[in-house]
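Colleague: Pasting a structure here, questions to come.
The values are calculated or read from the model by the stated rules, or taken from the named source; none is laboratory data. Just so you know, these numbers come straight off a predicted model, no measurement behind them. Positions of Cβ are backbone-derived with ideal geometry, glycine not excepted, and every protein chain shown enters the neighbour counts. These accessible areas exclude ligands, DNA and RNA; they are computed on the full protein's heavy atoms, side chains included. Shrake-Rupley method; radii C 1.70, N 1.55, O 1.52, S 1.80 Å.
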Amino acid sequence: SYLYCLFLQLEQPHHKNIESHRLPPRKKSGRQPACVFNVCGSAKPIQFDMNNSYSHLRIIHLVSNKAWGGGERYALDLMRALAAHGHEVTAAVRAGSVAIEPIRQAGIAVVAMPLRGMADAVSAWRLAALIGRTPCVVHVHNFKDVATAALARTLARNRRAAIVVTRHLARPGKTDAL
């Protein structure tokens, strides 16, 4: 599966680990692209101008922690910003999490699922139904859910679904189970 690093240009980053990428304005239009996707290991970012066919993205955020913390706050701020830019935003949240209510109050669609960690088959099937056949971005906010997202993309048979991972911790993720 492909892992992507997502860098969004937000006016005020709320997370200390956000790396702000300021690109020079384009020569013809004089404006900066609103989104920059940087493929991990690639030196050249892929730029999507919000005024072309990528102006409406379908973005599914996986938020699996039970408690409310900085990562959940960051995810909510990002969901609000993306929705404000006209994107279709859905949050796949762990059932019983305290994050469900604040996300719903922000006007974001919420789908509850188990999200129990590495390769959760039930969550993968539910997520696959959300992914469907059209292009989308699945933004994983907890490293242990990457395998579930990759399995869901395979089950959905959608190679155009990009998996984006944001690590909200300073320590490296465990990769031995992958």
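Colleague: Which order do you get for 165, 140 if you rank them by accessible area with a 1.4 Å probe, largest at the top?
Modeller: So the residues, ranked largest to smallest area, are 165, 140.
Colleague: By the scheme Lys and Arg +1, Asp and Glu -1, what is the net charge of all other residues having a beta-carbon under 13 Å from that of residue 103?
Modeller: Computed value for this residue: +1.
Colleague: Using 0.36 nm per residue of separation minus the Cα-Cα distance, give me the extension gain between residue 169 and residue 56 in nm, one decimal.
Modeller: 37.7 nm
Colleague: Let me make sure I get this right: for the range 80-178, a, b and c are the square roots of the gyration tensor eigenvalues over alpha carbons, sorted descending. Under 1.5 in a/c it's rounded, otherwise prolate if a/b > b/c, else oblate. Which is it?
Modeller: Since a/c stays below 1.5, the shape of the range 80-178 is classed as rounded.
Colleague: Name the long-range amide H neighbours of residue 92: under 5 Å, sequence gap of 5 or more, or other chain; modelled H, no Pro or chain starts.
Modeller: HN-HN under 5 Å from residue 92: 61, 62, 63, 111.
Colleague: If you don't mind, another one. Please state the relative contact order of the range 66-143 as a whole percent: Cα pairs under 8 Å, 6+ residues apart?
Modeller: This gives 26 percent for the range 66-143.
Colleague: Further question on the same structure: Taking a probe of 1.4 Å, how large is the accessible area per residue of the range 99-160, in Å²?
Modeller: Per-residue accessible area for the range 99-160 comes out at 47 Å².
Colleague: Continuing with the same structure: Could you give the nm distance between label points at residue 155 and residue 125, where each point is 7 Å from its Cα heading toward the beta carbon?
Modeller: With each label point 7 Å from Cα toward Cβ, the separation is 0.7 nm.
Colleague: Suppose we look only past 15 Å in the calculated P(r) of the range 53-130. What percent of the Cα-Cα pairs does that tail hold?
Modeller: Summing the P(r) tail past 15 Å for the range 53-130 gives 53 percent.
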